[in-house]
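Here the structure comes first, spelled out in structure tokens, and everything after it is commentary.
The values are calculated or read from the model by the stated rules, or taken from the named source; none is laboratory data. The shown structure was predicted, so the numbers you read here are calculated from the model rather than taken from an experiment. Note: ideal-geometry Cβ built from the backbone for every residue, glycine included; neighbour counts use all protein chains shown.
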Amino acid sequence: MAENPYSGKANLRQFLIDCWGAGVASVKGENAVRLALLKHGPGCIDRLLAVGKAASSMSLGAIDHMTSNSKCLMVTKYGHTDQQLVKDRRFRIVESAHPVPDLNSLKAGGMAIDFVRSVLPGQSFLMLVSGGASSLLEVLSEGLGLEYLESLTGAMLANGLDINQVNAVRTRLSLIKGGKLLALSNSKSAHVLLISDVPRDDPAVIGSGIGSISASESRQPVIPAEIESILADAGIPAEKSQSSSSLPDFTSRIIGSNTVARSACEQFAKSRGFEVVMNQESLHGDMDEVSGTVSELILNGPCGAYVFGGEPTVVLPERPGRGGRMQHFALAIAKPIRGRSDLHVIAAGTDGTDGPTNAAGGIVDGTTYMKDLGADLALGAADAGSYLDRVKGLFVSGPTGTNVMDLVIAVKSK
């Protein structure tokens, strides 16, 4: 076994950061795209459409395959654009909002339609897709506007819909999702590279199928009655809209996923002398149930490192405070491990932004959860970010150039 250089509370905290970082680095957009293009092509890219929170990093991986006459439309989240691309005249860049769409999301959707339609039959067309695309660009069915989209998105988030449910709803009211965008293409060939932020890595679900050529064939998730009522009031039918492209030459590849990231975390932990007790994608479902299950596993399990992936859901109060899924998870798991000196946990989104905040998540241990500082109140008010900030438990990484759901890593020391 390799020698473990991490000992003591401060160093265990650093181990968690480094282990999480190793997972994120393994699915960084720039590296994943560069490797995929070297292996599979296309060797020359005439037209490039990049969408998602990792669009900037993914685009950097494609630059070596572009010519001086190439053109790119890139749509990403505010503050997620690399300055190298800002200076590149081949790139037209739109930044918009996530997780709740804004006017720029609608602007970007219209530009995407125009861009796809402009690709000539003989031109090489590459599309890069990562998580967040579902919110970042949109073209709505006739009669619907931004106010409706904002209200619907807020209702879905407040009701704790998971990513499959959210994407299924967005596909139903969109004119570009679920295979509809590429159906507008005049190109004879198109190639799509995707970084997956959804369970089972279905291309027709990633970004609500913005880079797919057909609607998802997976079993459609059940949508809560309250959301169905909002859709029905707007005249959105219950059945999914089928649309498919007739592209004669089409390829689609997943180049980054939660599985890849977790594997890298496991290898990093082993290389630093930790026994890896568990590695599983099990962070799906209700937040309280998921955090409870994870805490029981690490409390009752042997010493070593534990790696979990996925994306739990939270039902928000009417006026939620500051935070996101992983900040909430970090504080939730801090409660059952309070008083323990042998347990340290990081919970963070792989994209570096957890909810509508600039934090990726939180890092907690047995000293984090203190009732007299308002920990219980923070959980009830969905205000975990404010509490973690007060006790120096916030984890801020900045944009990472990828998005493969969330990672939770725990270490139980001897």
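Every residue, every condition in (1) more than 19 Å from Pro317 (Cβ to Cβ); (2) surrounded by fewer than 16 Cβ atoms within 10 Å (Cβ to Cβ); (3) of a type outside the set (A, V, I, L, M), yes or no:
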{"residue": "Arg338", "(1), (2), (3)": "yes, no, yes"}
{"residue": "Ala348", "(1), (2), (3)": "yes, no, no"}
{"residue": "Gly352", "(1), (2), (3)": "yes, no, yes"}
{"residue": "Ala360", "(1), (2), (3)": "yes, no, no"}
{"residue": "Tyr369", "(1), (2), (3)": "yes, no, yes"}
{"residue": "Gly380", "(1), (2), (3)": "no, yes, yes"}
{"residue": "Lys392", "(1), (2), (3)": "yes, yes, yes"}
{"residue": "Ala410", "(1), (2), (3)": "yes, no, no"}
{"residue": "Lys414", "(1), (2), (3)": "yes, yes, yes"}
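Where strands (runs of 3 or more DSSP E) sit wholly within the range 230-319, none has at least 3 residues that are among the basic types (Lys, Arg). Go through the range 388-408 and count every residue that is touching a Lys or Arg at 6+ places or on another chain (Cβ under 9 Å) and not in a loop (DSSP other than H, G, I, E, B). Of the residues in that region, 3 qualify. Taken across the range 102-122, residues that are within 21 Å of the chain's Cα centre (by Cα) and part of a loop (DSSP other than H, G, I, E, B) do occur, with at least one present. Taken across the range 145-153, residues that are assigned by TED's automatic domain parsing to the domain that holds Gly41, farther than 30 Å from Asn31 by Cβ and under 18 Å from the mean Cα position of the chain (by Cα) do occur, with at least one present. Scanning the range 311-360 for residues that are farther than 27 Å from Ala54 by Cα and within 16 Å of the chain's Cα centre (by Cα) yields a total of 0. Return yes when Leu120 is surrounded by fewer than 18 Cβ atoms within 10 Å (Cβ to Cβ) and in contact (Cβ under 8 Å) with a residue 40 or more places away in the chain and no when it is not. For Leu120, the condition - surrounded by fewer than 18 Cβ atoms within 10 Å (Cβ to Cβ) and in contact (Cβ under 8 Å) with a residue 40 or more places away in the chain - is met. None of Ser241, Ser246, Ser189 is out of contact with any Asp or Glu (no Cβ under 6 Å at 6 or more places or on another chain), farther than 21 Å from Val166 by Cα and at pLDDT below 95 except Ser246.
The C-beta contact set for the range 85-100 (first residue free of Cβ contacts under 8 Å to residues at least 24 places away in the same chain, second residue of a type in the set (Val, Ile, Thr) and in a loop (DSSP other than H, G, I, E, B), distance under 9 angstrom, 6+ apart or interchain) comprises Ile93/Thr81; Glu95/Thr81.
Rundown of residues vs (1) closer than 20 Å to Val100 by Cα; (2) in contact (Cβ under 8 Å) with a residue 24 or more places away in the chain; (3) not polar (S, T, N, Q), yes/no style:
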| residue | (1), (2), (3) |
| --- | --- |
| Gln327 | yes, yes, no |
| Leu343 | no, yes, yes |
| Thr350 | yes, yes, no |
| Pro356 | yes, yes, yes |
| Ala378 | no, yes, yes |
| Ser386 | no, yes, no |
| Leu407 | no, yes, yes |
| Lys412 | no, yes, yes |
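Please determine whether any residue of the range 156-163 is part of a helix (DSSP H, G or I), touching a strand residue (DSSP E or B) at 6+ places or on another chain (Cβ under 7 Å) and not charged (D, E, K, R). Yes, the conditions are met somewhere in the range 156-163.
Count, please, the residues in the range 306-320 that happen to be out of contact with any Pro (no Cβ under 9 Å at 6 or more places or on another chain) and over 15 Å from Ala332 (Cα atoms). Summing the residues that are out of contact with any Pro (no Cβ under 9 Å at 6 or more places or on another chain) and over 15 Å from Ala332 (Cα atoms) in the range 306-320 gives 8.
Among the residues making up the range 96-152, those that are closer than 18 Å to Thr81 by Cβ, in contact with a Leu (Cβ under 8 Å, 6 or more places away or on another chain) and among the hydroxyl-bearing types (Ser, Thr, Tyr) are Ser96, Ser105, Ser130.
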